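Bear in mind these aren't lab numbers, they're just calculated from the coordinates by the rules spelled out. Quantities reported herein were computed from a predicted structural model and do not represent experimental measurements. Note that each Cβ is placed from the backbone with ideal geometry, even for glycine, and that neighbours are counted across all protein chains shown.
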Amino acid sequence: MVCEKCGHEVDSNALVCGYCGHPLPKSQLSVEKQQELENNERTDESLKPNHHARIRGFGIALMIISGIIDIISIAMIGTSSVEGFSTILIIGSISFGLGLLLTFAFR
């Protein structure tokens, strides 16, 4: 196959010209290479929703854990350790915010 931009001879299974970098038309590829590209595109598309679902699941789990941490901090209100209460409350609030971000950012 010949590159339509620079005129150099290119391998029949190449996606771009090795000399000038010009993308080659997919219609000029061999039938096997075209089928391989279609299969790879389908595989890539099928991975995206699953990946986002895992991130959302992690965000939901993080929000649940941070809710438990906040309940523990509320139970510590009557204690004399104000520093411990505020530290646990801050950790719970930050983790809850991160969980919200992960849950709703990946839709």
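Take the range 47-105, compute every pairwise Cα distance, and split them into 5 Å bins from 0; I just need the percent in each bin.
Reading the bins upward from 0: 4, 22, 22, 16, 13, 9, 7, 4, 2, 1, 0.
Suppose the chain between residue 11 and residue 106 were pulled fully straight at 0.36 nm per residue; how much longer would it get relative to their current alpha carbon spacing?
On the way: separation 95, 0.36 × 95 = 34.20 nm, distance 4.01 nm.
Length gained between residue 11 and residue 106: 30.2 nm.
Could you tell me the calculated FRET efficiency between residue 1 and residue 55, based on Cβ-Cβ distance and R0 = 30 angstrom, to the nearest 0.05? Write out the running numbers ahead of the final one.
Numbers: r = 42 Å, r/R0 = 1.39.
Taking R0 as 30 Å, the efficiency between residue 1 and residue 55 is 0.10.
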